[in-house]
Amino acid sequence: MRAYIFLDKVFCLGLAAAFAVLASFSVQAQGWESLRKDGIHDPRAPAAKELQEPAAALSKLTTDNTGNMVRWVQALEKGEINPRASIRPDTKIRVYDSDSLLNLKGGMPIVRFPHRQHTQWLDCSNCHDHLFKAEAGANQLSMLKILEGEQCGVCHGAVAFPLTECFRCHSVARPGNVLRPTLPIAIPPGAVPPR
Ligand code: HEC
Ligand code: HEC
Ligand code: HEC
């Protein structure tokens, strides 16, 4: 599989159809649907009037242009939200501050997987070891599997930002990539070195 990047346009043989489907999902997800019209809540239920509307709650947070329109990592980092870390006092919170560089042999920019941002929301056991072995280079990752809802796609496109945001994952340029100006060129400090 090869990908060619010309400025903002991505031409990717074989994946084009899947992206068209994804793009239509992300268009549907624009804005915040009222609870009474979302097809999930019963508009006749007495509680429908009591519940806070998503727009009222979410429009105050750092906005995103996709998904559910909130840039959640930034909302947390800026202190706009302060979620309770656990229900039980004996729960051990584990944050791991290390980046893994994935997709070192492909044509797309390298994928930087940030542990810190993930472990601020999730426990190690959400991923290790049933989704990913905790060992650099030990996983057979594939964009097709991700698009089919496996690996990163278990969450991205479901509860985390959608897969149409290619460069949020493919964020580290390699020589030969035609870059968007916003892409970082250097390998971030603390990253797992190329293997
Ligand atoms: C949630 C993170 C994520 C998003 C979003 C994402 N990818 Fe990927 N992608 C990956 C990972 C992880 C791999 C690594 C597979 C490997 O190690 O070989 C990958 C691999 C690939 C590959 C194969 C390797 C290569 O570089 O040639 C292509 C092509 C690709 N992605 C294209 C895309 C395109 C196009 C988009 C946007 C429509 C996209 N990806 C969005 C995580 C992501
Ligand atoms: C959202 C999923 C996810 C969560 C949560 C997660 N990891 Fe990982 N972890 C990964 C991925 C993806 C890799 C990359 C493996 C590779 O290189 O193929 C990885 C690799 C690792 C590695 C090997 C690379 C390195 O950094 O040395 C260790 C160790 C590790 N994780 C520890 C942890 C610990 C400890 C936690 C909890 C504090 C945790 N992980 C939480 C997805 C996750
Ligand atoms: C168990 C769920 C889960 C899995 C699996 C997962 N992620 Fe995430 N990811 C999240 C959540 C939750 C966030 C924070 C919310 C958001 O940004 O939408 C996040 C955020 C991110 C961010 C944004 C960090 C920032 O600074 O904005 C990147 C990049 C990312 N993930 C890449 C990946 C890659 C690459 C993989 C696969 C190797 C992966 N994720 C697998 C849940 C997951």
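No value in this document is a laboratory result; all are computed from the given coordinates. Computed from a prediction, not measured in an experiment: that's the story for all the values here. A quick note on method: Cβ atoms are made from the backbone with ideal geometry, for glycine too, and the neighbour counts reach across all protein chains shown.
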Original post:
Tell me which aspartates and glutamates have Cα within less than 16 Å of LYS49's Cα, excluding those fewer than 8 residues away on the same chain?
Top reply: GLU33, ASP38
Subject >> Value of D in µm² per second that Stokes-Einstein yields for the range 108-179, Kirkwood Rh from Cα pairs, at 20 °C (1.002 mPa s) >> reply: 162
Original post:
Nearest 0.05, what FRET efficiency do ASN65 and ASP90 give at R0 = 30 Å with Cβ-Cβ as r?
Top reply: 0.15
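Test of understanding: what is the full-extension gain from ALA158 to ALA47, defined as 0.36 nm times their sequence separation minus their Cα-Cα distance? Write down the numbers at each step before the final one.
Working: separation 111, 0.36 × 111 = 39.96 nm, distance 2.61 nm.
That works out to 37.4 nm of additional length.
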Subject >> Label point distance in nm, SER34-HIS128, each placed 7 Å from Cα along Cα→Cβ >> reply: 4.7
